[in-house]
Amino acid sequence: MIQTVNEAKPDIVFHLAAQPLVRYSYLEPALTYETNVMGTVNILEAVRLTPSVKSFLNITTDKVYENKECYWGYRENENLCGFDPYSNSKSCSELVTYSYRNSFFNFNDAPAISTARSGNVIGGGDYAEDRIIPDCIRAANAGKDIIVRNPCSTRPYQHVLDCLSGYLLLAEKQYHNKTIEGAYNFGPDEESCISTGDLADIFCSAWGSNVAWRTEGDDGPYEANFLKLDCSKAKAVLGYKPQWDIKTTVEKTVEFAKAESDVARTACIDRQIKDYFG
């Protein structure tokens with residue numbers, strides 16, 4: 001990795017590589033920690049040894065926080081203590097980034113080093129197992145009922161373009177002003193923090209064709225019931241503002257899912273990006 005980054009000589013580095021699935025992390029905890037913790041160490045080592053880098057952003061998750069099932073959004077200064085192996089490994093990734101920033105990048109001309117904690121991301125092209133929207137799409141395409149494990153669980157759902165725009169904004173601004181480096185939450189506005197059951201209702205409405213959902217528990221491992229982010233810092237420091245509400249987010253995802261060819265999917269992506277930023 002060090003050789004690759006040195007050869008590329010990037011100005012800005014985004015670290016998005018991860019084992020990103022909560023339930024899979026219960027099956028493969030060692031792999032999850034190896035990927036999410038040592039992966040962060042490896043990329044930071046590459047950044048440390050590449051003089052061209054001026055801005056580094058590590059993408060983690062909203063699940064890095066110690067979840068107390070509180071009805072307010074977590075802020076960046078709250079305790080990091082993810083419960084399951086995935087969430088905890090991302091908490092560790094945050095701590096690795098904090099240590100490197102203070103140990104190796106704490107002088108004026110050093111790269112700006114930050115972490116970004118996003119909510120539950122929705123968008124076209126996600127086919128992962130045990131994620132609510134991909135599960136909805138698979139069931140709808142198969143003509144089956146959607147199975148919802150925890151319909152009352154509340155999450156900060158957002159479109160992938162909303163969080164990506166935040167990452168780009170942070171990386172750009174800290175490139176020019178190192179003093180703003182740190183941790184930032186990127187999540188939706190209050191009205192888009194909804195239950196999984198409400199999300200399934202919105203999906204069924206957007207999909208049409210008599211698709212429906214039902215509850216079916218599977219005695220799976222622990223998952224948090226309530227999770228929300230306070231994004232005041234990103235809004236105040238960066239001028240960040242999510243563009244698409246949850247209804248629009250789901251509709252855009254369904255639009256991509258119904259595209260019937262690679263050409264149609266590429267055109268859909270281009271159209272949505274232009275729509276978002278235009």
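Values quoted throughout were computed directly from the atomic coordinates according to the rules given, and no laboratory measurement underlies them. The structure presented is a predicted model; accordingly, all values stated were derived computationally and were not measured. Positions of Cβ are generated from backbone atoms using ideal geometry, with glycine treated the same way; all protein chains shown enter the neighbour counts.
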Subject >> Spatially proximal lysines relative to LYS144 (Cα-Cα < 18 Å; intrachain offsets below 8 disregarded) >> reply: LYS258
Original post:
In the stretch 208-278, what is the volume of the convex hull around the alpha carbon atoms, normalised per residue and reported in Å³?
Top reply: 176
Original post:
Angle between the Cα long axis of helix 196-207 and the longest principal axis of the chain, 0 to 90 degrees, nearest 10?
Top reply: 70
**OP:** Can you give me the three principal axis dimensions of the stretch 125-278 from its C-alpha atoms, in Å, biggest first?
**Re:** 52, 40, 23
Subject >> Straight-distance crosslink candidates among lysines, where the alpha carbon sits under 20 Å from LYS228 and sequence neighbours closer than 8 are dropped >> reply: LYS63, LYS68, LYS90, LYS241, LYS247
**OP:** Give me the net charge of ARG48's neighbourhood, meaning all other residues with Cβ under 14 Å from the Cβ of ARG48; Lys, Arg count +1, Asp, Glu -1.
**Re:** 0
Subject >> All aspartates and glutamates inside 18 Å of LYS9 as judged from Cα atoms, apart from same-chain residues fewer than 8 positions distant >> reply: GLU45, ASP109, GLU172
Original post:
Gap in Å between the Cα centre of the stretch 34-50 and the Cα centre of the stretch 133-206?
Top reply: 27
**OP:** Tell me which residues come under 5 Å, amide H to amide H, from GLN19 once H is placed; ignore anything under 5 positions away on its chain.
**Re:** ASN36
Original post:
At q = 0.07, 0.09, 0.16 Å⁻¹, what base-10 log of I(q)/I(0) does the Debye formula yield for the chain when every alpha carbon is treated as an equal point scatterer in vacuo?
Top reply: -0.26, -0.44, -1.33
Subject >> Packing-based order for 122-129, 197-204, using average beta carbon neighbours within 10 Å, highest first >> reply: 197-204, 122-129
**OP:** Only Cα pairs under 8 Å and at least 6 apart count here; give the relative contact order of the chain as a rounded whole percent.
**Re:** 21
Subject >> Cut-off under 5 Å, modelled amide H: who pairs with ALA112 long-range >> reply: SER55, PHE56
